[in-house]
Amino acid sequence: QVQLVEYGGGLVQPGGSLRLSCEASGRFVSINAMAWYRQVSGKERELVASITGRGNLNYADSVKGRFTISTDNSKNTVYLQMNSLNLQDTAVYYCNAKARLSTFWNTENSYWGQGTQVTVFS
């Protein structure tokens with residue numbers, strides 16, 4: 001399995017910045033992709049940004065130009081730099097990883113972090 005622990009959530013004023021981190025640990029062969037999702041109470045969880053092992057990037061239209069996803073593969077860590085935050089960015093942010101657990105079976109499982117609250121408040 002893969003365990004994901006998130007850091008960096010908190011309270012920030014509009015226009016401010018936050019940096020989220022997600023550290024992966026456990027027993028796995030490789031992590032094929034990592035992503036950040038967010039969810040507001042009563043709403044469905046939405047993809048914010050993703051990155052694959054081959055460097056392919058994807059951002060939600062609402063965060064393009066403001067958020068940046070990056071990884072430190074040596075530390076099995078994914079980051080989300082969030083700039084120019086606004087009230088609509090308030091949500092619980094979840095880290096997600098797709099990992100291969102076996103060298104013999106080409107299967108990919110999905111894992112979630114515990115979630116971290118980001119609140120933008122004036």
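May I have the pair-distance distribution P(r) for the chain, computed from all Cα-Cα distances with 10 Å bins from 0 and rounded to whole percent?
Final binned percentages: 14, 46, 29, 9, 1, 0.
So, with +1 on the Cβ of K and R and -1 on the Cβ of D and E, and no other charges, what is the size of the charge dipole of the stretch 1-51 about its Cα centre, to the nearest 20 debye? Please report the intermediate quantities before stating the final value.
On the way: 5 positive and 4 negative charges, 3 e Å.
Dipole magnitude for the stretch 1-51 comes out near 20 debye.
Identify, among Gln117, Ala97, Gly53, the residue whose Cα sits farthest towards the positive end of the charge dipole of the stretch 45-122, taking +1 on the Cβ of Lys and Arg and -1 on the Cβ of Asp and Glu, with the dipole about the Cα centre.
Final value for the positive-end residue is Gly53.
Ignoring ligands, DNA and RNA, what percent of the accessible area of the stretch 10-122 is carbon or sulfur (1.4 Å)? Don't skip to the end; give the middle numbers.
Working: 3100 of 6590 Å².
It is 47 percent, rounded to a whole number.
Taking the Cα centre of the stretch 51-122 as origin, sum charge times position over the Cβ atoms of Lys and Arg (+1) and Asp and Glu (-1), and report the length of that vector in debye to the nearest 20.
Values: 6 positive and 4 negative charges, 34 e Å.
About 160 debye.
Taking the Cα centre of the chain as origin and charging only Cβ (+1 Lys, Arg; -1 Asp, Glu), how large is the dipole, in debye to the nearest 20? Write down the numbers at each step before the final one.
Details: 11 positive and 8 negative charges, 34 e Å.
For this selection, approximately 160 debye.
Test of understanding: in a Gaussian network model of the chain with alpha carbons linked when under 10 Å, which of Thr107, Thr52, Thr68 would top the mean-square fluctuation ranking?
Thr107
With contacts defined as alpha carbon pairs under 8 Å and 6 or more residues apart, what's the relative contact order of the stretch 1-90 in percent? All intermediate terms of the calculation are to be shown ahead of the outcome.
Details: 154 pairs, mean separation 28.5, N = 90.
Relative contact order, the stretch 1-90: 32 percent.
Take Asp72 and Ser102, extend 7 Å from each Cα along the Cα→Cβ direction, and tell me the distance between the two endpoints in nm.
3.3
What FRET efficiency comes out for Ala60 versus Arg27 if R0 is 30 angstrom and r is the Cβ-Cβ distance? Round to the nearest 0.05.
On the way: r = 32 Å, r/R0 = 1.05.
So, using R0 = 30 Å, E works out to roughly 0.40.
Mean-square fluctuation check for the chain, GNM, Cα pairs under 10 Å: which of Ser21, Ser84, Ser102 is largest?
Ser102
The values are calculated or read from the model by the stated rules, or taken from the named source; none is laboratory data. Quick caveat, the model's predicted, so the values are computed rather than measured. Reconstructed Cβ throughout: ideal geometry from the backbone, glycine too, with neighbour counts over all protein chains shown. Remember, those area values only see protein heavy atoms, side chains included, never the ligands or the DNA or RNA. Shrake-Rupley method; radii C 1.70, N 1.55, O 1.52, S 1.80 Å.
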